[in-house]
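Have a look at the structure below, then the notes.
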Amino acid sequence: FIFQFDENELADHKEASETGINPYPIYAAVDKEKLSEKGESFPGTWFEFTPHETGYPALGAFVSTKSFGSEFEKGKLKRRGKKKTICYMQGEYS
């Protein structure tokens with residue numbers, strides 16, 4: 001249950017974690033379709049979210065968390081995505 005809608009973004013937590021006010025948050029999501037494939041190690045299974053970067057650790061594919069949801073082409077920003085609030089991101093982690 002969400003008792004208060006948090007308008008902040010994950011990237012807004014940079015300062016609080018860098019100054020030691022809050023512990024550094026690292027969230028992860030799992031691609032359940034990749035996880036269910038048997039007998040292999042799939043590098044795209046785990047997806048990581050931090051105040052600084054978001055991406056696939058095993059693939060080395062990360063973008064700034066502020067750019068999460070944006071569209072890229074050949075490594076260049078093509079279209080900036082909508083800002084993702086903490087509440088939206090909590091739904092992604094579930």
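Results, tabulated for the structure shown:
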quantity: Whole-Hz couplings from phi, Karplus 6.51/-1.76/1.60, listed for the range 54-59; x for Gly and Pro; calculated: 9, x, 9, x, 5, 8
quantity: Binned Cα-Cα distance frequencies in the range 10-93 - 10 Å width, integer %; calculated: 16, 42, 32, 9, 0
quantity: Ordering of 76-86, 50-60 by packing [mean C-beta count within 10 Å, highest first]; calculated: 50-60, 76-86
quantity: Accessible solvent surface per residue of the range 10-93, calculated while the other protein chains remain in place, 1.4 angstrom probe, Å²; calculated: 71
quantity: Positive-end residue, the range 10-93 charge dipole about Cα centroid, Cβ charges, pick of G60, F72, L10; calculated: F72
quantity: Apportionment of accessible area to carbon and sulfur, the range 10-93, percent (1.4 Å); calculated: 51
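The values are calculated or read from the model by the stated rules, or taken from the named source; none is laboratory data. Computed from a predicted structure; not experimentally measured. Backbone-built Cβ (ideal geometry, glycine too); neighbour counts: all protein chains shown. Remember, those area values only see protein heavy atoms, side chains included, never the ligands or the DNA or RNA. Shrake-Rupley method; radii C 1.70, N 1.55, O 1.52, S 1.80 Å.
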